[in-house]
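Worksheet: one structure, shown below.
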Amino acid sequence: MNIRLRINGKWITFTVKPDEFLLDTLRNNQIISVKKGCDGSTCGSCTILLNNQPVLACSLLSVRADESTILTVEGHAEEVEKIAVAFGKEGADQCGFCNPGMALMIIALKQSHKNPTDDEIKHYMVGNLCRCSGYQAQFKAIKRYLEERL
Amino acid sequence: MKVVNQKIPSIDGKGIMQGKRAFTDDYSEPGSLIVKVLRSPHAFAKITDIDVTQAEALDGVKLVLTHKNVPRKAFTRAGQGYPEPSPHDKFVLDEYVRYVGDEVACVAAIDEETALKACALIDVTYAVLDPVLDFETAYEHHTVIHPETDIHEMFPIGFEPQKNQAASYHMEVGDTEKVLHDSDVVIKHSFYTQAQAHAMMEPHTVNARIDIHGRLVLYAATQTPFHVRRIISQALDVPIQKIRVIKPRVGGGFGGKQGLHGEMLVSLVTLRTGMPAKMVFTRQEVFESSYTRHPMRIDMAIGAQKNGRINAIDCHILSDTGAYGEHALTVFMVAGSKVLPLYNKVDAVRFHGQVVYTNKVSAGAYRGYGAIQGNFALESMIDMLAKKLNLDPIQLREQNMILEGESSPIFEIMGEGTEGTAMNMETCKLPECISRGKTLINWDAIYPYKEIGNDKIKSVGMAIAMQGSGIPYIDMGAATIKLNDAGFYNLTIGATDIGQGSDTILAQIAAETLMTTIDKVIVYSSDTDLTPFDVGAYASSTTYVTGNAVYKCALAMIERMYAAAAKALKVHVDTIDFDGETFTSTDKSHISLVDLSNRITYSEDQEQLTTTSSYYGIKSPPPFMAGFVEIDVDKETGEVDIVHYVSVVDCGVTINPLMARGQVEGAIVQGLGMAMFEEVKYSSKGKMISNDFLSYKIPTCLDVQKMTTEFIDSYEKSGPFGAKSVGEIGIDTPPAALANAISNALNIRINTLPITKEKIIMTLFEKNKKGDHHDEKQ
């Protein structure tokens with residue numbers, strides 16, 4: 001069946017199977033910034049913004065997303081660049097596999113919280129797993145980005 | 001220094017965050033065959049019949065592989081040099097399956113759905129055998145896990161498969177039994193360390209195609225591209241020059257990608273079909289069918305005088321390598337060789353034991369590589385000894401630990417499966433690490449514990465640790481630098497960036513030496529066709545070994561550029577000075593690097609300046625650290641909050657202080673996961689039950705409240721710009737530091753990892769039942 005998605009500002013029609021997940025639809029169509037880390041909605045690597053809400057693409061059926069607006073890191077280039085700079089300055093980059101998903105989560109955090117407390121930041125980000133960093137540098141980088149110290 | 005020891009952002013972090021094509025699966029060819037593996041439902045079984053007729057007949061299926069139609073030549077998946085100290089006990093596919101999740105057959109089909117359907121259509125008849133699931137009963141068990149006769153060791157490692165023994169080792173300095181006997185006090189305890197999952201965020205991934213020259217080209221998420229090339233060539237009988245392995249960005253490894261997991265089958269599919277093929281492990285496969293850390297039982301005895309002098313350490317280890325013997329001997333040996341030298345003033349020390357096979361997923365390399373297991377036992381024992389002698393545990397350490405300028409006979413005796421290399425500690429800042437850490441954790445105000453109300457106790461605990469910097473006389477890294485027109489450089493290295501940032505720090509070393517900026521050094525790494533050799537990312541070797549190669553290579557390039565400048569300026573080379581941008585002669589004539597490189601590229605005396613250098617260590621200077629933990633523990637629930645973790649590290653000069661901190665902090669949190677709750681668990685029939693992130697929890701950003709990480713001033717003369725390694729040292733201290741903090745808080749000692757709240761509360765319950773009260777405050 002066909003579905004229509006507005007991905008990073010552009011309407012695209014995809015032919016999908018009824019049991020196909022959005023993550024596979026995106027990756028199979030070369031939208032590779034969305035990462036497959038666990039295939040079970042437990043790691044956060046496949047986070048996208050669906051109608052401006054953070055969603056795990058690995059556990060959303062593609063057909064359920066029909067006629068939706070999807071943003072990946074490419075669609076938020078300016079903010080992602082700032083987050084990347086903050087990550088770089090704090091040494092928060094390691095393997096980076098979780099970073100595109102994390103960046104989108106950080107953007108969603110900024111949109112939904114005016115001045116988040118440390119606790120709010122941590123609780124908001126808790127679903128985005130990272131095995132490399134120990135989270136400390138990422139936390140500092142998120143604060144740096146939110147405080148616009150770039 | 002302008003580039004080295006500077007907080008430079010990683011050179012590729014931004015591109016990765018922007019979602020650019022970077023990881024292995026991003027490079028798979030559209031239309032690749034999807035490779036899926038049918039995996040064993042039994043912990044141990046012999047395949048008596050396998051019928052693939054229906055699977056092969058399914059529309060869209062291009063190839064089905066079973067043990068009947070693949071080459072049979074024993075190999076090891078472990079990427080660790082050659083010849084390997086791991087037994088060659090694995091086949092591409094075998095008639096035996098040795099753990100739940102082992103490979104039975106392999107299907108390549110046009111899409112995932114078809115491949116999975118075909119796997120389900122393979123009709124397998126198993127003779128189910130009695131598995132060995134308890135490693136303490138594995139040795140000489142009536143079940144022999146590797147009964148086949150065409151497996152072998154590459155050199156003597158104590159390989160006795162008929163007894164389920166993958167390896168064994170024994171070494172002794174002095175007469176341990178006698179020294180123990182003559183000591184004022186002797187303490188003896190056993191410790192158990194669990195299987196830990198690597199849980200890197202990127203699953204094991206590989207894809208293959210045949211290029212226009214008919215060569216097999218792999219993109220692989222691996223820590224060891226050169227070993228992958230060699231092992232595929234040997235096992236599949238493909239000439240090695242017909243294989244190219246490219247490692248793009250890797251999404252974490254931690255040892256879990258220091259071996260082949262899919263590379264062999266995907267290669268065979270592409271070789272047989274001529275079609276591009278790919279495999280991405282499901283998260284379940286990452287858990288069930290890759291590697292874990294080696295579980296161990298460590299029996300340790302320490303003999304000491306009443307004044308705290310440690311006379312002897314006896315360490316016996318039983319290690320569980322699971323179904324295959326990857327890294328079996330060497331991980332087990334490192335539990336001694338990178339642990340016991342911490343207390344080098346002993347009259348006798350013994351290290352012995354064996355590594356056994358069980359019907360569980362194979363254990364493999366894992367950050368710390370035995371040292372975390374051994375450290376948990378030894379550093380717990382030191383606190384127990386202090387308590388027994390009524391001495392301060394930190395003073396007891398300071399009285400006995402290895403110091404700068406000193407050595408240990410163990411360095412010379414124990415190496416990578418063979419004998420080791422004698423060395424003195426040119427840098428060892430343990431006293432400074434301890435003293436600084438004590439201040440940062442506020443030790444004197446908290447030790448041993450403080451009641452903080454609401455049934456909670458605050459306490460502190462600590463441990464010291466050492467690791468290594470590569471494997472002397474074995475690990476080799478190489479670098480090539482090319483000067484381009486307009487005066488910028490290419491740096492190509494075999495070294496394998498798996499997220500730890502080696503591309504960045506090696507570029508820093510090159511840029512510093514060449515007196516340029518990091519943007520003028522273009523890095524390309526880990527491509528067996530285009531980059532020089534490197535053993536890969538393991539054994540904490542890249543900064544020290546490859547870093548030295550890059551440094552040598554850059555010096556050689558400067559020498560070549562001086563010669564070219566002398567020719568251009570028509571002066572003697574000794575009259576020239578170079579500041580990174582301009583060559584100036586004492587006669588004031590000068591030429592810029594830009595002009596010189598353009599000149600030799602386009603107009604006069606044309607030549608391509610390229611230098612290649614390689615390096616292997618003649619020693620392995622250990623990084624050291626002191627780790628301190630502050631915890632709040634709830635007496636009623638056993639719940640532990642990690643309030644603060646302090647790491648003070650001597651890793652020589654940090655090439656990049658930001659990235660070094662990231663290495664330490666990431667390792668601390670991974671070590672805390674092992675200390676507190678991570679555990680690979682099996683059902684009574686040997687099926688892994690902790691096979692996703694719901695049943696196997698890794699630390700989240702909520703698990704540690706505060707970390708302080710500092711580096712002590714230290715300069716290792718043999719390292720590039722004074723550096724030692726930093727990749728693994730961080731993981732070693734958390735288990736013992738936590739066990740010691742819990743002992744300080746509750747006067748209970750837990751010797752079995754992980755130290756869960758359930759274990760804490762049960763141990764407290766047992767203690768209280770015996771009427772033992774918290775009255776042993778020291």
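The values are calculated or read from the model by the stated rules, or taken from the named source; none is laboratory data. Only a predicted model underlies this, so the values are computations on that prediction, with no experimental measurement involved. In this analysis, Cβ positions are derived from the backbone assuming ideal geometry, glycine residues included, and neighbour counts consider all displayed protein chains. In case anyone asks, the SASA skips ligands and DNA or RNA and just uses the protein heavy atoms, side chains included. Shrake-Rupley method; radii C 1.70, N 1.55, O 1.52, S 1.80 Å.
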Within the stretch B:688-714, restricting to residues that are farther than 22 Å from B:M659 by Cβ, assigned to a loop (DSSP other than H, G, I, E, B) and open to solvent by less than 50 Å² (accessible area, probe 1.4 Å), the one that is farthest from the other protein chains (Cβ to nearest Cβ) is B:S690
Working only within the stretch A:8-43, note down all residues that are in contact with a strand residue (DSSP E or B) (Cβ under 8 Å, 6 or more places away or on another chain), crowded, with 21+ Cβ neighbours inside 10 Å and polar (S, T, N, Q).
A:T25
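Okay, residues lined up against (1) modelled with pLDDT under 95; (2) open to solvent by 30 Å² or more (accessible area, probe 1.4 Å):
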| position | (1), (2) |
| --- | --- |
| B:I382 | no, no |
| B:L385 | no, no |
| B:Q399 | no, yes |
| B:E419 | yes, yes |
| B:N442 | no, yes |
Taking interchain pairs and intrachain pairs at least six residues apart, which have beta carbon atoms under 8 angstrom, with the first residue in the stretch B:23-34 and free of Cβ contacts under 8 Å to residues at least 40 places away in the same chain and more than 8 Å from every other protein chain (Cβ to nearest Cβ) and the second in a helix (DSSP H, G or I) and open to solvent by 10 Å² or more (accessible area, probe 1.4 Å)?
none
In the stretch B:306-342, the residues that are assigned to a loop (DSSP other than H, G, I, E, B) and either open to solvent by 10 Å² or more (accessible area, probe 1.4 Å) or modelled with pLDDT under 95 (or both):
B:K306, B:N307, B:R309, B:K338
Using beta carbons and a limit of 9 Å, which pairs, at least six apart or on different chains, have the first residue in the stretch B:575-599 and assigned by TED's automatic domain parsing to the domain that holds B:M561 and of a type in the set (K, R) and the second one part of a strand (DSSP E or B) and open to solvent by 20 Å² or more (accessible area, probe 1.4 Å)?
B:R599/B:I591
Restricting the stretch B:343-365 to residues that are open to solvent by less than 10 Å² (accessible area, probe 1.4 Å) and not in a strand (DSSP E or B), which is farthest from B:G256 (Cα to Cα)?
B:Y343
So, B:D632, is that one touching a residue at least 60 places away in the same chain (Cβ under 8 Å) and either open to solvent by less than 50 Å² (accessible area, probe 1.4 Å) or in contact with a Gly (Cβ under 6 Å, 6 or more places away or on another chain) (or both) or not?
yes
Quick check on the stretch B:724-735. Is at least one of its residues touching a Leu at 6+ places or on another chain (Cβ under 7 Å) and either under 25 Å from B:C433 (Cα atoms) or β-branched (V, I, T) (or both)?
yes
Going by the conditions given, is B:T516 in contact (Cβ under 8 Å) with a residue 60 or more places away in the chain and either out of contact with any strand residue (DSSP E or B) (no Cβ under 9 Å at 6 or more places or on another chain) or surrounded by fewer than 24 Cβ atoms within 10 Å (Cβ to Cβ) (or both)?
yes
Selection count where residues are under 16 Å from B:H67 (Cβ atoms) and out of contact with any Phe, Trp or Tyr (no Cβ under 7 Å at 6 or more places or on another chain), scope the stretch B:114-147
8
Hey, can you tell me all the residues within the stretch B:491-512 that are within 16 Å of B:I558 (Cβ to Cβ) and open to solvent by 10 Å² or more (accessible area, probe 1.4 Å)?
B:E512
